[in-house]
Amino acid sequence: MATLAILGCQWGDEGKGKLVDALADRAAWVVRFQGGSNAGHTLVVDGEKTVLHLLPSGILRANKTCVIGPGTVVHMGTLLKEIDELRQRNALRGRLLLDYRAHLVLPSHYILDALMEKKRTIGSTKRGIGPCYADKARRVGLRAADLVDLEHFERRVEQHLEASNARIQELGGRPMLTAELKNELVDQARRLNPYLADTVQALHGALAEGSNILFEGAQGALLDIDFGTYPFVTSSNTGIGGVCTGAGVPPRHIQRVLGVLKAYATRVGEGPFPTELADELGGKLRERGSEFGATTGRPRRCGWFDAVAARFALAVNGVDALAITKIDVLTSFRKLAICTKYRIGGQETDHFPARLQELELVEPVYEYWDGWTDNLKGIQNRAELPAPVEAYLCRLEELLEVPIALVSTGPDRDALMSWGPDPWEGAS
Ligand code: GDP
Ligand code: IMO
Ligand code: MG
């Protein structure tokens, strides 16, 4: 048996979806454990692109059981649309499992997210994530378990919509038309019923049988509600703790952790970003890396690789090995910079500050590396990499003190090179 968690170690969009899809060939199960349709995971197989928001990224491979786990928050309309859009939808029954404990993102959560954004800008994806997790913590949320008995669900929806309308009006919004919404939601509930399951029980069965399991992170370490750049974070634990609390597996069953990092840095939404390039170099990274949000289409903020932030993310999550993505995007830059330390108030430090006020004062300390002009497309072997690419990646490995396992050289599933240890290695 082998289990592997694949976690984003920057501000999201590191290429987790691609890695999960690629490594799922050796897994029997792929498990989403937190977040909701704020995630946008892009898979490219033989040139065909699929963007997934709720379906786990193992779904394109036949015979993989895909779990939407207890710690996730699920917008039923989005999930049903994804199920419908997937060509192999007929083959989904029995291999897509939605846990009873997952919370439901309801129309009120979308409205409240938008209203709250007007008052205090986080730059959320407006997918209702914050308000849904808030209802979960207030213990008033609706769960997938509530979908089983449709009459019960209808009553719960009525109560929820009424209570939410009061809050929406308090925030200056227009109340929802409850009757129409109720019918739509009940219809969605009926359609999702075949996918409901106790995935904790199922996963423990899989563990006992010795199946290989992949845990698919959403968002990234620096968006984690506890360890990220609060309040500019998402509302869930995106890291290793989230695997336990969100999938229902104890730490001893998570054998290996693969941290995914872009070869540079991006962030979408508001919040501190020490190495941001608000100039034409940032624009060039955005253009070459097609850095536009997979969920909202927003341009992503771009900057140089930040080794201080990355080291913090790797430490908090106990990362065993790295996947470095989008190295091809750096082709054609004359010089590349890596932030190795921060300078705060004239003092150099390699500590990632917990206080936002301090983070905002950070001046990155850069070292510069030669760029390259070679096209990396099709390179499958480390030995074929141009010397400056090898040097840049070796420096990242040295700074991060974690071995690189894989290097991604393009969006396609196959544009993935093995560099160091097998990421599943040690997981059996
Ligand atoms: P995720 O949220 O972590 O799954 O990442 P996203 O899918 O939101 O964003 C990553 C983007 O980069 C997607 O458009 C991927 O197709 C693309 N991508 C992934 N790996 C590579 C790579 O190595 N090179 C290039 N050029 N694009 C990549
Ligand atoms: P994937 O899984 C990048 C960001 C939003 C915003 C903050 C809070 O594709 O990597 P939320 O809607 O969660 O309340 O927004 O978090 N954010 C993401 N940024 N990738 C994501 O997911 C993100 N999910 C949320 O832009 O700054
Ligand atoms: Mg994404």
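For the reader, a short list of remarks on this structure follows.
- Distance between the modelled labels on E180 and E270, one decimal in nanometres: 3.1 nm (7 Å Cα→Cβ projection).
- Solvent exposure of segment 103-194, expressed per residue, is 55 Å² of accessible area, with all protein chains present and a 1.4 angstrom probe.
- Mean-position separation - Cα centroids, segment 1-57 and segment 93-141, in angstrom: 21 Å
- Per-peptide average of other Cβ atoms within 10 Å, ordering 308-320, 397-409, 5-17 highest first: 5-17, 308-320, 397-409
- Dividing the mean sequence gap of close Cα pairs (under 8 Å, 6+ apart) by how many residues segment 103-194 holds gives a relative contact order of 30 percent.
- Each distinct pair of alpha carbons in segment 103-194 adds a 1/r term; the inverse of their mean, the Kirkwood radius, is 13.5 Å.
- For H75, the amide hydrogen comes within under 5 Å of the amide hydrogens of S37, V105, counting only partners 5 or more places away or on other chains and with H modelled in the peptide plane.
- Environment charge of Q159, counting only residues whose C-beta is closer than 15 Å and scoring Lys/Arg +1, Asp/Glu -1: 0
- Anisotropy class of segment 302-381 from Cα gyration tensor, a/c 1.5 cut: oblate
- Of the cross-linked pairs K119/K284; K126/K335; K49/K341; K64/K262; K81/K136; K119/K326, those separated by over 31 Å at the C-alpha level are K119/K284; K126/K335; K49/K341; K119/K326.
- Scanning residues 5 or more positions from D414 or on other chains, those with amide H under 5 Å from its amide H are D46, with H placed 1.01 Å from N in the peptide plane.
- Under the criterion of Cα pairs below 8 Å and six or more residues apart, the relative contact order for the chain equals 21 percent.
- Cα long-axis angle, helix 307-317 against the chain (0 to 90 degrees, to the nearest 10): 50 degrees
- Stretchable slack from A114 to R190, in nm (0.36 nm times residue separation minus alpha-carbon distance): 24.6 nm
- Note that segment 153-162 has calculated 3J(HN,Hα) couplings of 4, 4, 5, 4, 5, 4, 4, 5, 5, 4 Hz, one per residue in order, obtained from phi through the Karplus relation 6.51 cos²θ - 1.76 cosθ + 1.60 (θ = phi - 60°); glycine and proline are x.
- Listed peptides 260-273, 374-387, 132-145 by packing density, highest first (mean Cβ within 10 Å): 260-273, 132-145, 374-387
- Derived scalar couplings ³J(HN,Hα) [segment 62-79; Karplus, 6.51 cos²θ - 1.76 cosθ + 1.60; whole Hz; x for Gly, Pro]: 5, 6, 9, 7, 10, 10, 9, x, x, x, 8, 10, 10, 8, 4, x, 5, 5
- Protein accessible area in the chain, 1.4 Å probe - carbon and sulfur %: 48 percent
- The mean accessible area for residues of segment 259-396, using a 1.4 Å probe and ignoring ligands and nucleic acids, is 43 Å² per residue.
- The chain: calculated mean residue ellipticity at 222 nm from DSSP helix runs of at least 4, using -39500 (n - 2.57): -9500 deg cm²/dmol
- Long-range amide H partners of K262 with built H, under 5 Å: T325
- Around Q34: net Lys/Arg minus Asp/Glu count, Cβ-Cβ under 11 Å: -1
- Radius 11 Å from Cβ of A321, net charge of other residues (Lys, Arg +1; Asp, Glu -1): -3
- The string of couplings for segment 275-283 from the Karplus curve (6.51, -1.76, 1.60, θ = phi - 60°) is 9, 4, 10, 8, 10, 6, 5, x, x Hz, one whole number per residue in order, with x for Gly and Pro.
- Within segment 242-397, the proportion of Cα pairs with more than 28 Å between them is 27 percent.
- Structural descriptor for segment 39-176: relative contact order 19 percent, calculated from alpha carbon pairs under 8 angstrom and at least 6 residues apart.
- Virtual spin-label span in nm between Y230 and Q169, 7 Å along Cα→Cβ: 3.4 nm
- Helix 107-119 vs. the chain, principal-axis angle (Cα, 0 to 90°, nearest 10): 50 degrees
- Peptides 179-186, 98-105 ordered by packing proxy, namely the average of other Cβ atoms within 10 Å per residue, highest first: 98-105, 179-186.
The values are calculated or read from the model by the stated rules, or taken from the named source; none is laboratory data. Bear in mind the structure is a predicted one, so any value in this text is a computation, not a measurement. When we count neighbours, we look across all protein chains shown, and the Cβ atoms used for this are built from the backbone with ideal geometry, even at glycine. Accessible surface is based on the protein model in full, side chains and every heavy atom, while ligands, DNA and RNA are left aside. Shrake-Rupley method; radii C 1.70, N 1.55, O 1.52, S 1.80 Å.
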